[in-house]
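Only one structure is covered here, and it is reproduced in the block below.
What follows is calculated from the coordinates using simple rules that are stated; it is not laboratory data. The model shown is predicted, which means the values in this text are computed figures rather than measured ones. Methodologically, a virtual Cβ is constructed for each residue, glycine included, from the backbone with ideal geometry; neighbour enumeration extends over all protein chains shown.
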């Protein structure tokens, strides 16, 4: 250590060990619940930062190479509050073990700070070498591409920060043409405890993540490159944060997965392989509706109920009662599907989807492609009326009540998310929508996450963004699904629409999918991977599909089976999937928005002194807090068990108790 660093350490240590009157007793320091991130712009640092952000952990970023950035020194890292020494950060994230260069006073200051206050440090990505407690890779290790590598949590990782994992951590290998992951598998030296290891050439195993304890400090050493979207990182991200914060931090994380099945009771139009469009849709030239639609049968409903019972997963049935009544009138007055679903009503969750699924935005002029909003003589947009929107919502709700469906008046999904802004034709909400929602008691209205990923108000209601799944509404068979997928994602030279060539957000297929095998072999694995990416990112937004996907070939089930099987093979029983209903997602997003705003405004104070955690947030803003098992919340008189159990921790949204101005938690000894 340099002379300057030694002096810095002496100052900080002196502040921590203040003598008490008449005795040489140490003063317990205050540790603020915030993380320091030193960012070099690398994917590894961005990945750790994303996990902090998505969890709700407050952090301060110092960007290397940025002009005017603060200098990391003793004054930046610590001070004294009310006579008590304070560590401003409970953990430090660095790009590697030394991103500052040799002889850096900033690194010396961080080293002294970490020693003085016992602050842990994450090295987001480094190579295997003795400086981080590992042998060079030429001594029992490996350096190179990791695609397809099957890593595993060690016994130390299981009993430590990665105890929520129950299966292998397999590095993604989505393309044989492109190396996707690179890293170093290193053999531990003295002082290094491996948490995640993998096999190496020649036999044996070596480490990819581990703790290096040395010189009074602790570093979590990560020796593989990653970005925030790769599954291998998403699997270990929770453990990295728990290690960094020693299991005590603001924010909480769950693995969420809900599925909305739209258009229940109604039929859906069918894709036409010859026309490459859907007859009956205004953008299907020459494709008049032929009445060839897709609708579940009673047998499909029986299968759905049996599948739910076998998997322990409950779907949300998003229903159009009026469309079902119309179908019944057009088909002889009998409807075994509705009878079966109503008999099994208690087995599902139900959401109002309007009575007959009309478009509730502007009146559409479909004489051109794309459609436009109709105008009156004065050039003003013509809108669906408030009374018509209200009737669509009310009539569907009243039908549900008459049939004994357990439906929540506050939840709504409009047909095609209509009524909300629809770009480019309708850049604003229907001005009659907010009033109609108020008239009918709707508090949570669904929106399309691909268009509007953020929650927003609609009058007194709020949106609930939903992820669309690439299991199309107009397909009931695997062959239809593969054909439409080819039309969208194949190049024009391969017989596709060529849209993938002009849309920068799209990628063309290397070759068209085989209609007989393409769905199972290509589309299903891709949709499983995409959905799991959402699940593992603390994203509560539901996914939506359509009743047609539960009919005929029942093409949704292979996707759901894949998601559930993959998830359950990866996670321990203490980390189950959470399946929030519509209103619960809305509440979660609303709480997060309020919390993030309070953090941005600097209105949250949170710290730990010994085994006591204190959190103050603005009035009316609940705080998300995570803490170890055994944590108790201070009441006016006595204490209570804090939070809910998840992933080996306790966590909850919470506020002060009666006659309290702050949240106080008592950590286990």
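Of all DSSP bridge pairs formed entirely within the chain, close to 65 percent run antiparallel. Relative to the first principal axis of the alpha-carbon coordinates of the chain, what is the inclination of helix 556-570, with its axis defined by its Cα atoms, in degrees from 0 to 90 and to the nearest 10? That helix lies at roughly 10 degrees to the long axis. Computed from Cα atoms, the angle from the helix 321-330 axis to the main principal axis of the chain rounds to 30 degrees. Ordered by the count of other Cβ atoms within 10 Å of each Cβ, fewest first, 88, 568 give 568, 88. Rounded to the nearest 10 degrees, the angle from helix 582-600 to the longest Cα principal axis of the chain is 40 degrees.
When the alpha carbon coordinates of the range 27-179 are projected onto the principal axes, the ranges are 57, 35, 32 Å, largest first.
How large is the convex hull of the Cα atoms of the range 20-111 per residue, expressed in Å³ as a whole number? Provide the component values of the computation, followed by the final result.
Details: hull volume 11.5 nm³, N = 92.
Enclosed volume per residue, from the Cα hull, is 125 Å³.
When the alpha carbon coordinates of the range 199-331 are projected onto the principal axes, the ranges are 80, 33, 33 Å, largest first.
The C-alpha radius of gyration of the range 611-669, expressed as a fraction of 2.2 N^0.38 Å, stands at 1.04.
Seen from all directions on average, the range 148-230 presents a Cα convex hull projection of 6.5 nm².
Students often get this wrong: which residues of the range 191-217 have the backbone nitrogen under 20 Å from the point 7 angstrom along Cα-to-C-beta of residue 150? Under cut-off, by backbone N: 195-209. When the P(r) of the chain is calculated, the portion above 37 Å amounts to 46% of the C-alpha pairs. Projected onto their three principal axes, the Cα atoms of the range 463-514 cover extents of 40, 29, 14 Å, largest first.
Fewest to most neighbouring Cβ within 10 Å: what's the order for 45, 221?
Lowest count first: 45, 221.
Put in order of Cβ neighbour count within 10 Å, fewest first, the listed residues 611, 181 become 611, 181. Divided by 2.2 N^0.38 Å, where N counts the residues, the Cα radius of gyration of the range 93-135 comes to 1.17. Of the peptides 471-483, 429-441, 654-666, the ranking by mean beta-carbon count within 10 Å, highest at the top, reads 471-483, 429-441, 654-666. Legend: Rg and Dmax of the range 522-669, from Cα coordinates, 19.5, 61 Å.
Stretched out fully, how many nm does the piece from residue 27 to residue 470 gain, at 0.36 nm a residue minus the Cα gap?
Residue separation times 0.36 nm, minus the Cα-Cα distance, leaves 153.6 nm.
Largest first and in whole Å, the equivalent-ellipsoid semi-axes of the range 580-652 read 22, 18, 11, each the square root of five times a Cα gyration tensor eigenvalue.
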